[in-house]
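The values are calculated or read from the model by the stated rules, or taken from the named source; none is laboratory data. On a predicted model such as this, the values are computed, not experimentally measured, just so you know. Don't worry about glycine lacking a Cβ; one is built from the backbone with ideal geometry, like all the others, and counts go over all protein chains shown. To get the accessible areas, we keep the full protein, side chains included, count just its heavy atoms, and leave off ligands, DNA and RNA. Shrake-Rupley method; radii C 1.70, N 1.55, O 1.52, S 1.80 Å.
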Protein chains: 2
Amino acid sequence: MPLKNTGTEQLIKDTAKQLLFAEGKLHATTQEIADAAGVNRTSLHYYFRSRDLLISAIFQDAMQGLSQRLDECMLSETSFKVKTENIIAVFLRDMILFPYQETFLITEINTFGKKLIGNIQSGPVKSYLKEAADEMEKGTIEKMNPIHFLMNLFSLLSYPIIMAPLYKPLFRVSEKEFQKLIDERGKIIINLLFRK
Amino acid sequence: MPLKNTGTEQLIKDTAKQLLFAEGKLHATTQEIADAAGVNRTSLHYYFRSRDLLISAIFQDAMQGLSQRLDECMLSETSFKVKTENIIAVFLRDMILFPYQETFLITEINTFGKKLIGNIQSGPVKSYLKEAADEMEKGTIEKMNPIHFLMNLFSLLSYPIIMAPLYKPLFRVSEKEFQKLIDERGKIIINLLFRK
DNA sequence: TTTTATTTTGACATTTTTGTCTAACAAAAT
DNA sequence: ATTTTGTTAGACAAAAATGTCAAAATAAAA
């Protein structure tokens, strides 16, 4: 539809993504998004018709981007361990940039989550799970349902970042100290998962 | 204030807790809560004055309950491993009953989260962390910043349950199969954390 | 039984947020 | 230069949600 391409559409998307997924303001109103982007609220409707459609759009974008990068890792021609290290790197970077992305999906799953979930590819996941099973046979990782292995991986990566606002006061650590902890996570996780 | 004690106040709290923390309807309106409880919406204001105060109330209740049970585990006179097993049991049960409790805290941390966080005790946590450090010296668990150990524990416990709505379609497993996976988590986690 | 205090309810008011419509504006095409 | 098309802005309408008030209902007390 837009032909002049003033960059406003992308600006609105980027701003919304920043507000919702980076700053965690999951209830941001259209007004707040418009203000943050420095555009009139009507523009938002002009480009996306409704708040829900805007949100669907940014979520789809985000998910597609991440999925693609993760799939590349999972399907790459490397050892299982290197693959996993790459997944950790990709995922960790994404989580640090947009910590609230998945939280958003979960909290909003009642509203329009069902639709969004449909789009998730599970092909590469299946293949990665298969490889995990092979590694378990070989004995390089602990034997268990491979789904546990993957859930362990995602859990160890995501949860501390999501919970940062709670953990900083709970553990009485400064922003800087916590950042250091997060930086250490990658190694910690590899050690934990590949210790056998 | 209430003297006749008709049970309505508690009924409203229980219903709200169920809706928000168990069913994950984090944006439940006062009307929805009132309907679910089978009372007039005004009663909700009569007892709690405002929506925010109601929500603060149920959250404080929930947190206090869980904290107390966890503190009991952490301070009990048992070995570190048994302590940890108890924590897992307590936490897992709570997470299964009210999976969205922590998600709620995180998403709502901007609104009134800061106040709620103030109340969190970190005394028992400190003492548990100290014990973890001792175990690392002894060599029963991997050496790392004890905070990592605790974050690992909470992550492995919480995240799969929070993500259930996403994981079920992603891994193509039925409700029943997923339930089985969750039941296995306790053992998996102990094995992972105490493998040395 | 009347009185009193407490609880519950329905109607109304306010606030917040979303969505629409039309006019002004800008840039390219004719 | 003017027409056409696409974009932005302001005013308005509608919807959704919260909050208030006074009257009705209920249960205990006098």
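Counting protein heavy atoms only and a 1.4 angstrom probe, how many square angstrom of accessible surface do chains B and A bury in total, to the nearest 100? If you can, show how the numbers build up before the last one.
Working: alone 11890 and 11890 Å², together 18860 Å².
The buried area between B and A, both sides summed, comes to about 4900 Å².
With every protein chain in place, what's the accessible area of residue B:81 (1.4 Å probe, Å², nearest 10)?
The accessible area comes out at roughly 90 Å².
What number, in percent, do you get for the relative contact order of chain B if the mean sequence gap of Cα pairs under 8 Å and at least 6 apart is divided by its residue count?
It rounds to 20 percent for chain B.
Can you pull the accessible area of residue B:61 for me, 1.4 Å probe, Å² to the nearest 10?
Near enough 70 Å² of accessible area.
Within 15 Å, Cβ to Cβ, of residue B:180, how many net charges do the neighbouring residues add up to if Lys/Arg are +1 and Asp/Glu are -1?
Its environment carries a net charge of +1.
Using protein chains only (no ligands, no nucleic acids) and a 1.4 Å probe, work out which residues of segment A:25-42 have their accessible area cut by at least 30 Å² relative to the chain alone.
Residues losing area: A:27.
Hey, what angle do you get for helix B:175-193 against the long axis of chain B, alpha-carbon based, 0 to 90 degrees rounded to 10?
Once rounded, one gets 40 degrees.
Which translational diffusion coefficient, to the nearest whole µm²/s, is obtained for the protein assembly as shown from the Stokes-Einstein equation, given a Kirkwood hydrodynamic radius over C-alpha pairs, 4 °C and 1.567 mPa s?
The diffusion coefficient I find is 57 µm²/s.
Roll a 1.4 Å probe over the protein chains and send me the accessible area per residue for the protein assembly as shown in Å². The partial results should precede the final answer.
Values: 18860 Å² over 392 residues.
For the protein assembly as shown, the solvent-accessible area averages 48 Å² per residue.
Of A:143/A:168; B:13/B:126; B:115/B:138; A:168/B:17; A:130/B:187; B:25/B:115, which sit over 30 Å apart, Cα to Cα?
Too far apart for the 30 Å limit: A:143/A:168; B:13/B:126; B:115/B:138.
For segment B:29-68, max minus min Cα coordinate along each principal axis, in Å, sorted largest first?
So the extents along the principal axes, rounded to whole Å, are 33, 18, 14.
Pop out the ³J(HN,Hα) list for segment B:85-96 in order, Karplus 6.51 cos²θ - 1.76 cosθ + 1.60 with θ = phi - 60°, rounded to Hz; leave Gly and Pro as x.
After applying 6.51 cos²θ - 1.76 cosθ + 1.60, I find 4, 5, 4, 4, 4, 5, 5, 5, 5, 4, 5, 5 Hz.
If you split all Cα-Cα distances of chain A into 5 Å bins from zero, what percentages do you get per bin, shortest first?
1, 7, 13, 16, 16, 14, 13, 9, 5, 3, 1, 0
At a probe size of 1.4 Å, how large is the accessible area of residue A:142, to the nearest 10 Å²?
Accessible surface of residue A:142 is approximately 50 Å².
Assuming R0 = 41 Å, what is the FRET efficiency of residue B:180 and residue B:10, from their Cβ-Cβ distance, to the nearest 0.05? Show your work: numbers first, answer last.
Details: r = 34 Å, r/R0 = 0.84.
Efficiency, rounded to the nearest 0.05: 0.75.
Using just the helices of the protein assembly as shown, give the 222 nm mean residue ellipticity in deg cm²/dmol: DSSP H runs with n ≥ 4 each add -39,500 (n - 2.57), and the total is spread over all residues, rounded to 500.
-22500 deg cm²/dmol
Using a 1.4 Å probe on protein heavy atoms, which residues of segment B:130-152 have at least 50 Å² less accessible area in the complex than alone?
Relative to the lone chain, where solvent access is computed with a 1.4 Å probe, segment B:130-152 loses at least 50 Å² at B:142, B:147, B:148, B:151, B:152.
Rounding to the nearest 10 and keeping the result within 0 to 90°, find how far the Cα-based axis of helix B:146-162 lies from the longest principal axis of chain B.
Here the helix axis deviates by roughly 50 degrees.
Between segment B:120-196 and segment A:167-182, how many Å separate their Cα centres?
So the separation of the two Cα centres works out to 19 Å.
Taking a 1.4 Å probe, which of B:108, A:77 shows the most accessible area, and what order do the others take after it?
Largest accessible area first, the list is A:77, B:108.
Through the Karplus equation 6.51 cos²θ - 1.76 cosθ + 1.60, θ set to phi - 60°, convert the phi angles of segment B:69-79 into ³J(HN,Hα) values in whole Hz; use x for Gly and Pro.
Computed from phi, the couplings for segment B:69-79 are 5, 5, 4, 4, 4, 5, 9, 5, 8, 9, 5 Hz.
Counting only protein heavy atoms and a 1.4 Å probe, tell me what percentage of chain B's accessible area is made up of carbon and sulfur.
Its accessible area is 52 percent carbon and sulfur atoms.
What is segment B:2-96 by shape, rounded, prolate or oblate, if you read a ≥ b ≥ c off the alpha carbon gyration tensor as root eigenvalues and call it rounded for a/c under 1.5, prolate for a/b larger than b/c, and oblate otherwise?
Since a/c reaches 1.5 and a/b is larger than b/c, the shape of segment B:2-96 is classed as prolate.
As an exercise, use a Förster radius of 25 Å and the Cβ-Cβ distance of residue B:72 and residue A:137 to find the FRET efficiency, rounded to the nearest 0.05.
Computed FRET efficiency for residue B:72 and residue A:137: 0.05.
Rounded to the nearest Å, what's the spacing between the alpha carbon centres of segment B:1-52 and segment A:5-73? Just the number, please.
34 Å
Using Stokes-Einstein with the Kirkwood hydrodynamic radius over Cα pairs, what translational diffusion coefficient do you get for segment A:1-49 at 37 °C and a viscosity of 0.692 mPa s, in µm²/s rounded to a whole number?
302 µm²/s
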